Amino acid sequence: MTSETSATRRVLVAKPRGYCAGVDRAVQAVEKALELYGAPIYVRKQIVHNTHVVKTLEERGAIFVDETDEVPEDAIVVFSAHGVAPVVHDQAAQRSLKTIDATCPLVTKVHNEAKRFAASDYDILLIGHEGHEEVEGTAGEAPRHIQLVDGVEGVDRVQVRDPERLVWLSQTTLSVDETNETVARLRERFPKLIDPPSDDICYATQNRQIAVKEIAHEAQLVIVVGSTNSSNSKRLVEVAMDAGADASYLVDNASFIQDEWLDGVTTVGVTSGASVPEELVEGVLAHLAERGFGDVQEVESVAESVRFALPHELRRDLRAAAR
Ligand code: 0CM
Ligand code: SF4
């Protein structure tokens with residue numbers, strides 16, 4: 001056991017943390033669809049990558065499926081925040097499904113960039129994690145023009161038709177620092193490589209990384225609340241370690257915290273990924289308080305005020321129902 005007294009123990013909580021505007025919109029889209037049309041509402045893939053969110057929506061009548069062919073004809077299906085390839089829209093139309101597209105507008109922005117560069121016959125290097133749904137959706141916009149670069153290790157495998165007509169784009173939820181390294185290596189090979197017209201790594205991912213850096217250099221342990229399939233949450237653990245934390249762990253909720261992690265620790269940092277409801281962070285803080293870490297300070301690095309309107313299909317039906 002640790003010899004520290006509770007007077008010397010403290011918790012630094014990063015701000016911003018938790019829900020981003022795209023997650024808030026996507027979760028609300030499913031909730032509003034359940035209210036408006038009634039259960040069941042089908043959702044293709046996890047609406048956001050958080051176990052608790054998915055379980056809560058399931059309890060309210062959402063049914064999560066892997067593909068649209070699991071959805072009964074004429075039923076309602078919501079597409080997740082991570083976006084879908086055009087072929088998925090086609091498959092849904094063939095089955096006469098009513099669709100609500102909860103793709104985050106910042107993911108749609110990357111899709112549009114991909115379509116534009118492909119239409120101008122550029123080769124597109126999409127930096128992202130193999131198998132991640134967002135990357136599959138973006139790559140599906142222009143499969144013949146896009147190749148995936150999964151980190152620095154992927155750079156040597158890249159083959160292009162014309163190194164003068166080359167752009168890189170990225171998944172929205174990557175580590176900013178690691179992506180900069182990958183781009184630097186790509187540019188060594190391809191000096192004429194063009195940058196995306198604006199940052200593809202979204203504001204929420206960037207801000208949560210800035211905020212965790214701020215607390216990590218003062219904390220021996222950083223607890224990141226998030227699910228294991230959440231890219232942006234996993235990146236926060238890596239960023240915390242790179243910023244000087246002795247240890248950092250990803251936990252779905254407080255029950256995953258092991259008492260040994262706290263041995264000898266005086267300052268614990270806490271943050272959460274963009275798909276994580278605040279109640280899970282509150283659970284972690286209560287768990288830490290019970291173990292002598294009751295002194296909690298919030299450290300705000302960046303103010304956030306981004307909000308997105310609900311998907312237009314849903315707004316239209318909500319307006320009609322209100323008449
Ligand atoms: O992309 P990632 O795995 O981080 O997804 P998430 O659902 O955890 O976070 C929000 C998003 C998007 C797109
Ligand atoms: Fe959109 Fe960024 Fe949130 Fe993903 S993490 S849903 S891209 S705001």
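The values are calculated or read from the model by the stated rules, or taken from the named source; none is laboratory data. This structure is a prediction, so every number in the text was calculated from the model and none was measured. Counting neighbours? That spans all protein chains shown, and the Cβs are built from the backbone with ideal geometry, glycine included. Each accessible area value is taken on the protein alone, full model and side chains, heavy atoms only, with ligands, DNA and RNA left out. Shrake-Rupley method; radii C 1.70, N 1.55, O 1.52, S 1.80 Å.
Odds and ends about this structure:
- Taking all protein chains together and a 1.4 Å probe, the residues Ile194, Ile47, Ile76 rank Ile194, Ile76, Ile47 from largest to smallest accessible area.
- Leading residue at positive end of dipole, region 124-280 (Cβ point charges), from Asn229, Thr271, Leu193: Leu193
- A Cβ-based charge dipole, computed about the Cα centre of the chain with Lys and Arg at +1 and Asp and Glu at -1, lands at about 1020 debye.
- HN-Hα J in Hz across region 87-103 - Karplus 6.51, -1.76, 1.60, θ = phi - 60°, x for Gly and Pro: 4, 6, 4, 4, 4, 5, 5, 4, 8, 6, 7, 8, 10, 10, 9, 9, 3
- A Cβ-based charge dipole, computed about the Cα centre of region 63-178 with Lys and Arg at +1 and Asp and Glu at -1, lands at about 480 debye.
- Positive minus negative residues near Gln94 (Lys, Arg vs Asp, Glu; Cβ under 12 Å): -2
- Stretchable slack from Asp69 to Ile210, in nm (0.36 nm times residue separation minus alpha-carbon distance): 46.7 nm
- Largest GNM mean-square fluctuation among Ala254, Ala286, Ala81, using the chain with Cα springs under 10 Å: Ala286.
- Descending principal axes extents, the chain, alpha-carbon based, whole Å: 64, 56, 31
- Rg [Å, one decimal], Dmax [Å, integer] - region 1-156, C-alpha atoms: 19.5, 65
- Per-residue SASA entry for Glu278, accessible area with 1.4 Å probe, Å² rounded to 10: 70
- Rounded, prolate or oblate (a/c below 1.5 giving rounded, otherwise prolate when a/b exceeds b/c) for region 148-271 by Cα gyration tensor: prolate
- Selected from Gln171, Gln46, Gln297 as most flexible by GNM, with the chain as the system and alpha-carbon contacts under 10 Å: Gln297
- Centre-to-centre, using Cα atoms only, region 52-73 and region 171-238 are separated by 30 Å.
- Evaluated at q = 0.20 Å⁻¹, the base-10 log of the normalised Debye intensity for region 88-220, with identical point scatterers placed on the Cα atoms, takes the values -1.17.
- Evaluating 6.51 cos²θ - 1.76 cosθ + 1.60 at θ = phi - 60° for every residue in region 66-76, the Karplus couplings come out as 7, 9, 5, 6, 8, 9, x, 3, 6, 7, 9 Hz, glycine and proline recorded as x.
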